[in-house]
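The values are calculated or read from the model by the stated rules, or taken from the named source; none is laboratory data. Note that this is a predicted model, so its numbers are computed, not measured. As a convention, Cβ positions derive from the backbone with ideal geometry for all residues, glycine included, and neighbour counts pool all protein chains shown. Keep in mind that these areas ignore ligands, DNA and RNA; they rest on the heavy atoms of the full protein, side chains included. Shrake-Rupley method; radii C 1.70, N 1.55, O 1.52, S 1.80 Å.
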Amino acid sequence: MRADTSELSRFAAQLAAAPNKAETLTGRVLTASGTHIAAEAQRHAPVRTGYLRNSIGCHEDGPLTVLVEATANYARYVEEGTSRMSGQPFMKPALEKELPVMVKAVNGVADVIVR
């Protein structure tokens, strides 16, 4: 008696490739979301000289880590405020806007992997 195991072999190959595929796709999602967050933060950053807005950027900081930051030394004071001025948040609202989109996209990666 012979059994056709080609489907099992293909499934095993897909299963073996799943971790790398998941990491690649999730990395792409995180990079895209980080880019969107940085662009949104730039749109909402207060502008006097443009230095703060131009200091906002995004870069990969590891396989599944994307860093979105404003490198201007006074960015935190603008975002959070001080005892002498109210904050003018630009990073947190950008993150809050993108977060649901990012979560949905990461969940979509799981759907792609499982197929």
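Report the percentage of all Cα-Cα pairs in the chain whose separation exceeds 16 Å, rounded to a whole percent. Don't skip to the answer; put the middle values down first.
Numbers: 4384 of 6555 pairs.
Here the tail beyond 16 Å accounts for 67 percent of pairs.
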Inset, instruction - Only helical DSSP H runs with n ≥ 4 go in: add -39500 (n - 2.57) per run for the chain, normalise by residue count and round the 222 nm mean residue ellipticity to 500 deg cm²/dmol. - result: -21500 deg cm²/dmol
Legend entry - ALA32-ASP61 pseudo-label distance in nm [points 7 Å out on the Cα-to-Cβ vector]: 2.2 nm
Inset, instruction - Just flag the trypsin sites (Lys or Arg not before Pro) in segment 1-95 sitting in loop per DSSP whose Cβ has no more than 16 other Cβ atoms within 10 Å. - result: ARG2, ARG48, ARG84
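Leaving out ligands and nucleic acids, note down the accessible area per residue over the chain with a 1.4 angstrom probe, in whole Å². Intermediate values should be presented prior to the final figure.
Numbers: 8380 Å² over 115 residues.
Dividing the accessible area of the chain by its residue count gives 73 Å².
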Legend entry - Set of aspartates and glutamates near LYS21 by C-alpha distance (under 13 Å), chain-local residues within fewer than 8 positions excluded: ASP111
Inset, instruction - Identify the chymotrypsin sites (Phe, Trp or Tyr not before Pro) of segment 29-108 meeting these criteria: DSSP loop state and at most 16 other C-beta atoms within 10 Å of the C-beta. - result: TYR74
Legend entry - For segment 36-46, 3J(HN,Hα) per residue [Karplus equation, 6.51 cos²θ - 1.76 cosθ + 1.60, θ = phi - 60°, Hz, x = Gly/Pro]: 5, 4, 4, 5, 5, 5, 4, 5, 9, 5, x
